[in-house]
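The values are calculated or read from the model by the stated rules, or taken from the named source; none is laboratory data. Note that the structure is a prediction, hence the values are computed from the model and not measured. Cβ placement follows ideal geometry from the backbone for every residue including glycine, while neighbour counts extend to all protein chains displayed. Areas reflect the complete protein model, heavy atoms only, side chains present, ligands, DNA and RNA absent. Shrake-Rupley method; radii C 1.70, N 1.55, O 1.52, S 1.80 Å.
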Amino acid sequence: TDLMSGDAHIAGLLERLERSPQWNNMLVVVTYDENGGFWDHVAPPSGPGWGDRFGPATRIPTLIVSPFAKRGFVDHTTYDTTSIIKFLTTRFSLEPLPGARKNMGDLTAALDLP
């Protein structure tokens, strides 16, 4: 599909979620693959704790949409898709799941959580 219809679809979903009674307790993470990160001008981090058997992660565009998101804040913490897993295990005091990269952030720096 084209870029405009994808953006419109995500915007429509977010509008419906924001009108729901659960919105005040919600965190939505919108992330997508931009051709394997080849668009990026910054090389992914490397060395112990930054990658796995497939190599280091690439940076990917991500939006955090939530009443808990810090407004006007640009987060410079290093994240990848495993950061979502790390956030869930940290927030709910769960045993760490395999696959989460050791040095990646867990999204909490971008949030004002109670």
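Under 9 Å between Cβ atoms, at least 6 apart or on separate chains: pull out the pairs that start in the stretch 86-104 with a residue that is exposed (fewer than 11 other Cβ atoms within 10 Å of the Cβ) and end on any residue that is in a helix (DSSP H, G or I) and at pLDDT 80 or above. Short answer, once both residue conditions are applied: LEU94/LEU88; GLU95/THR89; GLY99/THR82; GLY99/ILE85.
Listed by first and then second residue, the pairs with beta-carbon distance under 7 Å, at least 6 apart or on different chains, first residue in the stretch 2-15 and closer than 19 Å to ILE64 by Cα, second open to solvent by 90 Å² or more (accessible area, probe 1.4 Å), form an empty list. Scanning the stretch 39-81 for residues that are open to solvent by less than 50 Å² (accessible area, probe 1.4 Å), modelled with pLDDT under 85 and not in a loop (DSSP other than H, G, I, E, B) gives GLY51, GLY55.
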